[in-house]
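The values are calculated or read from the model by the stated rules, or taken from the named source; none is laboratory data. For clarity, every value in this text was computed on a predicted model and none was experimentally measured. Methodologically, a virtual Cβ is constructed for each residue, glycine included, from the backbone with ideal geometry; neighbour enumeration extends over all protein chains shown.
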Amino acid sequence: MSQVGVQWCRVWVTMLLLLPSAPVEGGELCLMRSVLVSLQRVQAASFTKQESLDLPPGARPALYCSNKCTLRDWCQLWCAYPSNTPTHCLISNITVMPTYQETNLADALTCHTTKPKDLATHANIIAGKQDNMDPLRVKETLVDGFYNYNRDHCFYTVWSYKERWFTLDFGQPKCFQHVILYPQESSNDKICFNNVQVRVSNVTAVRPPEHFAAYDLFGEFPGAAPPGQVVEMKSPKPVCARFVTGHMLYNARFQVCHIEVF
Ligand SMILES: *[C@@H]1O[C@H](CO)[C@@H](O)[C@H](O)[C@H]1NC(C)=O
Ligand SMILES: *[C@@H]1O[C@H](CO)[C@@H](O)[C@H](O)[C@H]1NC(C)=O
């Protein structure tokens, strides 16, 4: 999916450069979406791949930075900074969803993300018990629209068959075709995403996770996910549902670092 997006971007940017007077900003033509992100948050993402580039004199920041991003297949976010008179581009592989809400507005930059608008960001979430030893690794990180490959941003459950699940609630039925899960970055975590099912429903499960068996199966991932794997599930036709659940059947703690539904 993101590969296809990147290809499109490359075509559009090339065309734009041939038309230097085109009034449209590169970011829009590239199907990238703008989002406010604090500079500190992007730069502090030590687990990410990123580059900071000097803008050549006379270069138009939006065109130059967006082009640099699309030429790197790992780039998912670019920002020109400082905001008022940019002298640099920051390009990064961190995941920032278009509806992400920056809390540190004093330091916020307008960045551009290759990610689609999705339903998981800001959805209500309930989930099995999270591990108290890891106070940051809570269910809320799955719906904040931000992931920087640091395991502190991963939802992580206790080791019990009753707790290896989460449910997103959109409030009313919403239609989507893709569910994308980011399991883990580290090989230490290899048994934390194994035999996972995604199911959908319009009714609340009275006793999760047993009741998930009555939900419609959207997709399943049988194997153990290797480090850095992204699990993409795509339905041939749009599916409409209020609830989306993720449930691990394998006997271990369940870890999910980021989820997208669109
Ligand atoms: C982002 O970069 C980090 C560090 O190189 C890497 O571990 C991670 O897999 C990358 N993610 C993507 C989606 O490119
Ligand atoms: C949920 O309800 C919508 C209409 O309200 C319907 O189109 C959809 O098929 C239902 N989904 C499920 C999983 O039952």
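General observations
- Against the numbered list (1) within 29 Å of Glu51 (Cα to Cα); (2) in contact (Cβ under 8 Å) with a residue 40 or more places away in the chain; (3) surrounded by fewer than 19 Cβ atoms within 10 Å (Cβ to Cβ), Leu136 comes up short only at (2).
- Residue list for the stretch 42-71, filter: at pLDDT below 90 and away from ligand 1 (no atom under 13 Å from the Cβ): Gln43, Ala44
- Of everything listed in (1) over 17 Å from the mean Cα position of the chain (by Cα); (2) surrounded by 14 or more Cβ atoms within 10 Å (Cβ to Cβ); (3) in a loop (DSSP other than H, G, I, E, B), the single unmet condition for Gln184 is (1).
- Looking across the stretch 145-172 at every residue that is in contact with a helix residue (DSSP H, G or I) (Cβ under 9 Å, 6 or more places away or on another chain) and of a type in the set (Lys, Arg), the one that is nearest to ligand 1 (Cβ to nearest atom) is identified as Arg151.
- Phe221 being in a strand (DSSP E or B), within 30 Å of Lys49 (Cα to Cα), touching a Gly at 6+ places or on another chain (Cβ under 6 Å) and more than 16 Å from ligand 2 (Cβ to nearest atom): no
- Of the residues contained in the stretch 186-198, one or more are found to be of a type outside the set (Val, Ile, Thr) and within 16 Å of ligand 2 (Cβ to nearest atom).
- Residues of the stretch 100-124 satisfying the condition of being within 11 Å of the chain's Cα centre (by Cα) and of a type in the set (Ser, Thr, Tyr): Tyr100, Thr113, Thr114, Thr121
- Residue under evaluation Lys129, criteria (1) in contact with an Asp or Glu (Cβ under 7 Å, 6 or more places away or on another chain); (2) of a type in the set (Lys, Arg); (3) closer than 20 Å to Cys240 by Cβ, criterion not met: (3)
- Qualifying residues in the stretch 37-60 (those that are closer than 30 Å to Asp152 by Cα and over 18 Å from the mean Cα position of the chain (by Cα)) - the one surrounded by the most Cβ atoms within 10 Å (Cβ to Cβ): Leu39
- Counting only residues that are surrounded by 16 or more Cβ atoms within 10 Å (Cβ to Cβ) and either more than 21 Å from Asn124 (Cβ to Cβ) or over 11 Å from the mean Cα position of the chain (by Cα) (or both), the stretch 142-181 holds 19 of them.
- Some residue of the stretch 204-219 being within 16 Å of ligand 1 (Cβ to nearest atom), surrounded by 14 or more Cβ atoms within 10 Å (Cβ to Cβ) and either closer than 18 Å to Phe166 by Cβ or within 20 Å of the chain's Cα centre (by Cα) (or both): no
- Among the candidates Trp74, Trp78, residue that is at pLDDT 90 or above, of a type outside the set (A, V, I, L, M), closer than 24 Å to Asp152 by Cα and surrounded by fewer than 23 Cβ atoms within 10 Å (Cβ to Cβ): Trp74
- Residues in the stretch 144-178 that are among the charged types (D, E, K, R) and part of a strand (DSSP E or B) were compared, and the one that is nearest to ligand 2 (Cβ to nearest atom) is Lys174.
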